[in-house]
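Notes follow the structure.
The values are calculated or read from the model by the stated rules, or taken from the named source; none is laboratory data. Everything numeric here is computed off the predicted structure, so don't read it as measured data. Every residue, glycine among them, receives a Cβ derived from its backbone with ideal geometry; neighbour counts consider all protein chains shown. These accessible areas exclude ligands, DNA and RNA; they are computed on the full protein's heavy atoms, side chains included. Shrake-Rupley method; radii C 1.70, N 1.55, O 1.52, S 1.80 Å.
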Amino acid sequence: LDERGFVMDYAELEAIVNPLISQVDHRFLNDIEGLDNPSSEVIVHWFMAKIKPQIGARAVTIRLYETPRYWAELTA
């Protein structure tokens, strides 16, 4: 926890994640570099590769839902 008692403030997290979501939202995923085969597993790894360097040593878990019952999840 930081001095505020947070792992990370939501506003800080949104500043990292929202630009990435904008890159993929309503886009043809095959045209995005690194998403040549945009399975859920590939997309989760893509997000992790973009987010982890900005988060540093904090543990990160990314879960991407395909449906309410099926998802891909990665923790680093």
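Of note:
- Restricting attention to the range 40-50, the residues being within 18 Å of T67 (Cβ to Cβ) and either modelled with pLDDT under 95 or open to solvent by less than 40 Å² (accessible area, probe 1.4 Å) (or both) number 3.
- In the range 51-76, the residues that are of a type in the set (K, R) and exposed (fewer than 14 other Cβ atoms within 10 Å of the Cβ): R58, R63, R69
- Among residues of the range 1-37 being more than 14 Å from the chain's Cα centre (by Cα) and open to solvent by less than 70 Å² (accessible area, probe 1.4 Å), the one that is nearest to R58 (Cα to Cα) is M8.
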